[in-house]
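Written out below as structure tokens is the structure these notes cover.
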Amino acid sequence: MTTQAEHIAVIGAGIAGLTCARMLAAQGKHVRVFEKARGPGGRMSTRRADALRFDHGAQYFTARDPSFEAFLEPLIESGAVRAWAGRIAVLEHGVYETKEDNPDRYVGVPGMSALCRYLAEGLEVAYATRVGDLTRSDGRWRLQDEAGRELGAYDTVVVSAPPAQTAELLGVAAPVIAARAASVAMSPCWAVMAGFEEPLRLRFDGAFVNSAPLSWVARNTSKPDRPEHEAWVLHGSPAWSAANLDLDPETVCRTLWEAFAEATGGLSRKPTHLAAHRWLYALPTEALPEASLFDAELGIAACGDWCGGPRVEGAWLSGRAAANLLLEDNAEVVQ
């Protein structure tokens, strides 16, 4: 069957899904995006707590692919994306070293979610809607939410959820794609958000930590156009996060805060705000070699940072690849 995809459902409003949806909509396709959260972004979310702001998922992104660099140019010009000139270091068992080989790092403004909000502009997005079932009927896919409510019929469905969720959703509808998704393992990450009444007197704004239980710490306040209130994000290492997946948030906060204090040689100032968030699907341990997956006969595609390459750029490239596969099937390739 040649897919004449006039009506397309995209599941997931992260970078990959929104990139794919935006490209398809630009080619005249009728696209509707479904997102289980109340807003776009996924791991590019920004958490608010009174006057504090935390980019508690993705911390920044880099640009190496020319097409991604070209995509960023107008966002940088408009101010929606800016370079982060934070002082980056490496912490290992209390020893501090400045990181010299620093690539250009970019962040969304005023929060990491700004990039996804830009991609979502002009798209039809149904938030707080979790797709629970796909059923093939009369050559089209009929979607229902978890409560069994109808979400419409579509010629093609693109799933940009994490691999485990993609595999679960497509297990019956597209078993080959589901099996490929199920083969990808994702590392979890506990994130702790710490706020302070006054700035911490540290010689860095972000640091890779080479001693468990931490892997990364960052002064969110140092990023462009953030509130002045001192806010730090502490990421648990993949191994520690996996081993302590079911730990209660209070213990996670205490453990990672104490590790941060120890890694920096001891901090006398205590946080006035502590909160934890568990990212079950933070990074793929090994992404698939394909940039995206597509079954033209079924009219099912899948994309995400678990295809082709991890991180923000990888997710964008995966969403772009999925859109091109669908458009190529209709002889409309976007370069």
Notebook entry, point to check: Under a point spin-label approximation (7 Å from Cα along Cα-to-Cβ), what is the L245-A147 distance to one decimal in nm?
Noted result: 3.0
Check: Against the longest principal axis of the chain, how steep is helix 311-328, in degrees 0 to 90 to the nearest 10, with axes from Cα atoms?
Finding: 10
Notebook entry, point to check: Quick one: ranking K36, K29 by accessible area, 1.4 Å probe, largest first, what do you get?
Noted result: K36, K29
Next item on the list: Using per-residue counts of other Cβ atoms within 10 Å, averaged over each peptide, order 202-212, 129-139 from highest down.
Entry: 202-212, 129-139
Checklist line | Set of lysines with alpha-carbon distance to K270 below 23 Å, sequence-local pairs under 8 removed | finding: K223
Item checked: Qualifying aspartates and glutamates (Cα of each under 14 Å from Cα of K99; at least 8 residues distant if same chain) -> D205
Notebook entry, point to check: At q = 0.10, 0.11, 0.16, 0.25 Å⁻¹, what base-10 log of I(q)/I(0) does the Debye formula yield for region 219-313 when every alpha carbon is treated as an equal point scatterer in vacuo?
Noted result: -0.45, -0.52, -0.87, -1.27
Notebook entry, point to check: Using +1 on the beta carbon of Lys and Arg, -1 on that of Asp and Glu, and nothing else charged, what's the dipole of the chain about the Cα centre, debye to 20?
Noted result: 680
Next item on the list: Could you tell me, in Å, what Rg and Dmax come out for the Cα atoms of the chain?
Entry: 20.6, 67
Notebook entry, point to check: How large is the helix-only mean residue ellipticity at 222 nm for the chain, computed as the sum of -39500 (n - 2.57) over DSSP H runs with n ≥ 4, divided by its residue count, in deg cm²/dmol to the nearest 500?
Noted result: -8000 deg cm²/dmol
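The values are calculated or read from the model by the stated rules, or taken from the named source; none is laboratory data. Note that the structure is predicted; figures quoted are calculated from it, not measured. When we count neighbours, we look across all protein chains shown, and the Cβ atoms used for this are built from the backbone with ideal geometry, even at glycine. With ligands, DNA and RNA removed, areas are computed over all heavy atoms of the protein, side chains included. Shrake-Rupley method; radii C 1.70, N 1.55, O 1.52, S 1.80 Å.
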